[in-house]
Amino acid sequence: MEILQDEKMITRIAETFLPVLLTNLIRSGELNIDKIDDSEYRAEIIERGIALVDELQIQMINYSEFIEATESEIKSERFKSAFIMAGTCIEHILNHFYREVLSLKQGLEADEITKAITGLKIPDKIGWFFKLTTSETLSDKMINQVREIISIRNKIVHYQALPDDINFTGGSSHKLELIINGFNFNELVPFLNEFDSTLEGILNNVIPEIGIGNEVFEKYFKKNKTQD
């Protein structure tokens with residue numbers, strides 16, 4: 001069992017590390033796509049790329065864990081926890097997105113990126129700052145969905161505890177329950193997947209080398225793929 005777990009971890013590390021390595025090699029001009037069909041050249045590229053390891057900023061983030069946790073909380077009818085997990089997932093997706101964009105497109109260092117995104121609120125990250133850094137815009141529907149999820153998450157996390165009236169209908173608890181009960185939870189997990197894939201598509205469009213690096217990895221380096 002431990003061996004299987006070790007193999008899974010090694011596979012996960014490789015699937016996280018190699019696309020990043022390939023993207024950096026493509027951006028630096030050290031990977032010639034026209035020669036990538038040559039297995040000896042691929043081995044040479046990997047060996048050459050090891051020298052870049054210290055320069056790579058690799059983020060091992062598995063959003064599926066947040067999404068699966070959200071789904072689990074919904075099935076257990078722990079709806080408040082589901083919103084907290086969903087909000088956390090959205091924030092992680094956005095922060096990872098900006099670390100890629102600001103590093104690879106704008107050339108900012110890690111501490112500069114931290115300062116840039118720390119002072120931004122979610123509406124900024126999906127609005128004007130998104131357009132400024134990518135020249136792209138999210139759909140109004142997606143923006144509104146993000147705003148709604150984050151708003152409910154904030155109401156849960158920053159609970160104001162306003163007292164109820166004599167009919168138990170005017171306080172924070174009652175109002176929050178009404179909001180939660182009115183939400184369609186069947187749409188929450190599909191939306192998180194859609195949000196993740198939408199930002200991934202935009203990232204590949206804004207930084208084409210990422211998409212090329214992923215394609216090269218999928219075709220030539222991913223485990224169980226046929227190689228020369």
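A few points about this structure:
- Residue satisfying all of: in segment 165-203; among the β-branched types (Val, Ile, Thr) and at pLDDT 90 or above; farthest from the chain's Cα centre (by Cα) among these: 189
- Applying the set (1) open to solvent by 40 Å² or more (accessible area, probe 1.4 Å); (2) under 19 Å from residue 149 (Cβ atoms); (3) under 12 Å from the mean Cα position of the chain (by Cα) to residue 99 leaves exactly one unmet item: (2).
- Segments classed as helices (runs of 4 or more DSSP H), wholly inside segment 172-226, with at least 2 members that are open to solvent by less than 60 Å² (accessible area, probe 1.4 Å) and more than 15 Å from residue 152 (Cα to Cα): 188-206, 208-216
Here is a yes/no grid of residues against (1) more than 23 Å from residue 201 (Cα to Cα); (2) open to solvent by less than 30 Å² (accessible area, probe 1.4 Å); (3) β-branched (Val, Ile, Thr):
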{"residue": "79", "(1), (2), (3)": "yes, no, no"}
{"residue": "84", "(1), (2), (3)": "yes, no, yes"}
{"residue": "88", "(1), (2), (3)": "no, no, yes"}
{"residue": "93", "(1), (2), (3)": "no, yes, yes"}
{"residue": "121", "(1), (2), (3)": "no, no, no"}
{"residue": "124", "(1), (2), (3)": "no, no, no"}
{"residue": "149", "(1), (2), (3)": "no, yes, yes"}
{"residue": "152", "(1), (2), (3)": "yes, yes, yes"}
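The values are calculated or read from the model by the stated rules, or taken from the named source; none is laboratory data. What you are looking at is a predicted structure, and each value in this text was computed from that prediction instead of being measured. We place every Cβ from the backbone using ideal geometry, glycine too, and count neighbours over all the protein chains shown. Note: accessible area is taken over every heavy atom of the protein model, side chains too, but ligands, DNA and RNA are not part of it. Shrake-Rupley method; radii C 1.70, N 1.55, O 1.52, S 1.80 Å.
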